[in-house]
């Protein structure tokens, strides 16, 4: 695999230097470029295919969905979606939306001042604080889940969406602090001071100097916090039951029935993944920034 | 007290120049350092309360004899829970499975991700479309992805894999029970499918930040492509490789969704998160679950020390 990939850079240089001066690269046959393009497409399609398959199967009647060998041209049916939406998915979907959106807002509200105190007007030993935040991310959730469960049981917070909101906020806080710190560190401090000397108001400074640098960071942090909250299963499964259960928990309960269920499972999986797919596709660059905690810009 | 004051004066360049600090200034510095701390405190206190307190609870419970099915027998247990964790075959298997799943998933995803990133780091027709297709697996909700693999792909009767075998080899094609006969590879394959895009995205961003003029100069000087890859591209990618490995490990070690959905921990596939979940949630053995939790954290700590050192190196190279 890696030899093919190495020649991947070769192929690109052949095209890059084609217009430039004569180099030994031109001796390379142009076919390798075509080969690498086909290979890239093949790999992309291979990784994409399971997602496509999920969508295809979701639009089939259960009997067609379970055919072996697979029938690519089976008639379209909404049976799977009808079964899914009749099973009452709206409360869990709404719970997921509430938990993800509210916790994301809380994370940004708390992480932004913290990131400010770790970059623009740094506290002493700010690197230690930053690494403390990162180290909490290495503490597995299972290592604290039992006391949280017992606490929630004692205070009647089990099956309450606010418990999940608070937990998701703390779960995503380290990521948001790291990301926002790395973006705020790029705010030109001299310009901040110059603006102050010139008598610019705080709002003007924020809008014209800080916002252009920081808004992309906030957007990436928010996107990644939203995705991780939306995806979370373990905490939601242990701490909620009927009232506050989220979409991932609802999904796991969807397979227990007997008989054919492939189309409805695919329909359910697709609907639950749709918000993440839409947000991720719409903001691919923000996704990369978010996943790398701001190290890639 | 005075030593901390001088330390703070020392870090302030403006006052460092003026030498001796008048008492009034000194008080101002102290209030200044508090002013600096105030915006940090809400987030910091919140995270400490939410992560350290529960863990403290876990440590306390790990020394207790506490099973919710036998509430009358609650009491101090000493190290017996730990002894049971270390002698329990299932617990030891969970440690082994966690390491195996994590190392295999991260390593395979990293190599595949690197190869695909190199493949996508050249201009070709449909580059953007291929990149978008590559990202899709990562954007499927993990539980949904696990369900998709278990039922739509792996199912021995109507899954896609066996369906394709029938399509290619005809009626008498072998129809293996993928999850039943090879549960761990089945789990790892499903995880690799989701984590390769993650690795690829970070490495591709790294490749695209490579200074191309230097590479071009080396090429004109007659450096071979292999030399350019090993002595220019790889060293440049090093910090991105380390970063994606570190983050991938953090997430894959804690994986619960795939184990829970695809195998439900059966046939020796329970990793530590699933084992603890089962001990606490199904068996209601709080003491033993907590002891396993403490052991997990101690194990993670050892790995985390190396990981944090790596992160620190990346952090310094970045020069923030």
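The values are calculated or read from the model by the stated rules, or taken from the named source; none is laboratory data. In this text the structure is predicted, and so the values were computed from the model without any measurement. In this analysis, Cβ positions are derived from the backbone assuming ideal geometry, glycine residues included, and neighbour counts consider all displayed protein chains.
Miscellaneous remarks
- Only a single item in (1) part of a helix (DSSP H, G or I); (2) facing another protein chain (nearest Cβ under 8 Å) is not met by residue B:192, and it is number (2).
- Filter result for the condition that a residue is under 30 Å from residue B:242 (Cβ atoms), without any contact (Cβ under 8 Å) to a residue 40 or more places away in the chain, part of a helix (DSSP H, G or I) and within 21 Å of the chain's Cα centre (by Cα), over B:103, B:130, B:95: B:103
- For region B:257-273, filtered to residues that are facing another protein chain (nearest Cβ under 9 Å) and surrounded by 24 or more Cβ atoms within 10 Å (Cβ to Cβ), the residue that is farthest from residue A:141 (Cα to Cα) is B:261.
- Region A:247-279, subset at negative phi and more than 10 Å from chain B (Cβ to nearest Cβ), residue surrounded by the fewest Cβ atoms within 10 Å (Cβ to Cβ): A:258
Each row is one residue, and each column tells you yes or no for (1) farther than 17 Å from residue B:151 by Cβ; (2) over 18 Å from the mean Cα position of the chain (by Cα).
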{"site": "A:227", "(1), (2)": "yes, no"}
{"site": "A:236", "(1), (2)": "yes, no"}
{"site": "A:245", "(1), (2)": "yes, yes"}
{"site": "A:251", "(1), (2)": "no, yes"}
{"site": "A:284", "(1), (2)": "yes, no"}
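- Residue selection: residue A:165 fails the criterion of being surrounded by fewer than 23 Cβ atoms within 10 Å (Cβ to Cβ) and at the interface with chain B (Cβ under 7 Å from one of its Cβ atoms).
- Tally, over region B:136-178, of residues that are surrounded by 23 or more Cβ atoms within 10 Å (Cβ to Cβ), farther than 14 Å from residue A:53 by Cβ and more than 7 Å from chain A (Cβ to nearest Cβ): 2
- Checked against (1) within 7 Å of another protein chain (Cβ to nearest Cβ); (2) in contact (Cβ under 8 Å) with a residue 40 or more places away in the chain; (3) more than 28 Å from residue B:292 (Cα to Cα); (4) crowded, with 21+ Cβ neighbours inside 10 Å, residue A:100 passes all but a single condition, namely (1).
- Residue within region A:136-150 that is over 26 Å from the mean Cα position of the chain (by Cα) and at pLDDT below 90 present: no
- Of all residues making up region B:53-73, the number that are modelled with pLDDT of 90 or more and either facing chain A (nearest Cβ under 10 Å) or more than 15 Å from residue B:292 (Cβ to Cβ) (or both): 10
- Test: residue in region B:298-311 that is crowded, with 24+ Cβ neighbours inside 10 Å, more than 8 Å from chain A (Cβ to nearest Cβ) and modelled with pLDDT of 85 or more: no
- Index of the failed condition, residue B:116 passing every other in (1) buried (at least 23 other Cβ atoms within 10 Å of the Cβ); (2) within 7 Å of another protein chain (Cβ to nearest Cβ); (3) over 29 Å from residue A:248 (Cβ atoms): (3)
- Identity of the residue in region A:118-156, in contact (Cβ under 8 Å) with a residue 60 or more places away in the chain and assigned to a loop (DSSP other than H, G, I, E, B), that ends up farthest from residue B:289 (Cα to Cα): A:120
- Some residue of region B:218-231 being modelled with pLDDT of 85 or more, part of a loop (DSSP other than H, G, I, E, B) and closer than 28 Å to residue A:248 by Cα: no
- Among the residues of this structure, residue B:192 counts as one that is crowded, with 19+ Cβ neighbours inside 10 Å and under 21 Å from residue A:48 (Cβ atoms).
- Residue match in region A:88-95 (condition: free of Cβ contacts under 8 Å to residues at least 24 places away in the same chain, surrounded by 15 or more Cβ atoms within 10 Å (Cβ to Cβ) and under 14 Å from residue A:274 (Cβ atoms)): no
- Among the residues of region A:248-287, those that are within 23 Å of residue B:208 (Cβ to Cβ), touching a helix residue (DSSP H, G or I) at 6+ places or on another chain (Cβ under 7 Å) and without any contact (Cβ under 8 Å) to a residue 12 or more places away in the chain comprise A:281, A:284.
- Counting only helices (runs of 4 or more DSSP H) wholly contained in region A:164-243, the ones carrying 1 or more residues that are under 26 Å from residue A:151 (Cα atoms) and touching a residue at least 12 places away in the same chain (Cβ under 8 Å) occupy A:211-231, A:234-239.
- Applying a threshold of 8 Å to beta carbon distances and a minimum spacing of six or more residues, or different chains, the list of pairs starting in region B:154-172 at a residue that is free of Cβ contacts under 8 Å to residues at least 60 places away in the same chain and ending at one that is surrounded by fewer than 15 Cβ atoms within 10 Å (Cβ to Cβ) and in a helix (DSSP H, G or I) reads B:156/B:180.
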